[in-house]
Amino acid sequence: MLSKNLTIKFENVTFENVKTFSKAPETIENVNRSEDGHDLVEFVRAGKKNFSFSFTLTEKKAEVLEALCEYPSGTLEINNTSYEGRLRGFSADLIYLSQWATSNIYNCSCEFIEA
């Protein structure tokens, strides 16, 4: 588990039990071709951050994460470093036999796209 070393908050809601975490910087650019065949590249933004997470969450906390993924934008905090952007791509899979516990447990995942 990564959760001992990793603290993730979105809009001041803390998510623990981090199972997976990945970061993929992305360069946003517009590429067009000139009439003579040369690339005309306009860099819109270099190094835009994309993070992917997965968590083990109770049913109530999974509902909170799902709602946060519908926010137009917000602040993500990873180990006290803040990023502005949006959560998207929520998915939740019920863990087999978790319904026999006091609450259903889900493997949830989402991604964060820096604005």
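The values are calculated or read from the model by the stated rules, or taken from the named source; none is laboratory data. Worth saying up front: this structure is predicted, and the values here are computed from it rather than measured. Reconstructed Cβ throughout: ideal geometry from the backbone, glycine too, with neighbour counts over all protein chains shown. Remember, those area values only see protein heavy atoms, side chains included, never the ligands or the DNA or RNA. Shrake-Rupley method; radii C 1.70, N 1.55, O 1.52, S 1.80 Å.
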Could you check Ser3 against (1) modelled with pLDDT of 80 or more; (2) open to solvent by less than 50 Å² (accessible area, probe 1.4 Å); (3) over 18 Å from Glu114 (Cβ atoms) and say which number it fails? (1)
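Regarding Ile105, is this residue open to solvent by less than 70 Å² (accessible area, probe 1.4 Å) and within 12 Å of the chain's Cα centre (by Cα)?
Details: open to solvent by less than 70 Å² (accessible area, probe 1.4 Å): yes; within 12 Å of the chain's Cα centre (by Cα): no.
When the stated conditions are applied, Ile105 does not pass them.
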For the stretch 42-69, name all the residues that are modelled with pLDDT of 90 or more and of a type in the set (Asp, Glu). Glu59, Glu63, Glu66
Residues of the stretch 28-40 being of a type in the set (Val, Ile, Thr) and open to solvent by less than 70 Å² (accessible area, probe 1.4 Å), which ones? Ile28
Filter result (exposed (fewer than 15 other Cβ atoms within 10 Å of the Cβ) and among the basic types (Lys, Arg)) within the stretch 43-94: Arg45, Lys60, Arg88
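Residues checked against (1) over 25 Å from Asn5 (Cβ atoms); (2) assigned to a loop (DSSP other than H, G, I, E, B); (3) more than 15 Å from the chain's Cα centre (by Cα); (4) in contact (Cβ under 8 Å) with a residue 24 or more places away in the chain:
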{"site": "Ala67", "(1), (2), (3), (4)": "yes, no, no, no"}
{"site": "Leu76", "(1), (2), (3), (4)": "no, no, no, yes"}
{"site": "Tyr83", "(1), (2), (3), (4)": "no, no, no, yes"}
{"site": "Phe90", "(1), (2), (3), (4)": "no, no, no, yes"}
{"site": "Asp93", "(1), (2), (3), (4)": "no, no, yes, no"}
{"site": "Ser109", "(1), (2), (3), (4)": "no, no, no, yes"}
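With respect to Val31, determine if the residue is touching a residue at least 12 places away in the same chain (Cβ under 8 Å) and β-branched (Val, Ile, Thr).
Values: touching a residue at least 12 places away in the same chain (Cβ under 8 Å): no; β-branched (Val, Ile, Thr): yes.
In short, no.
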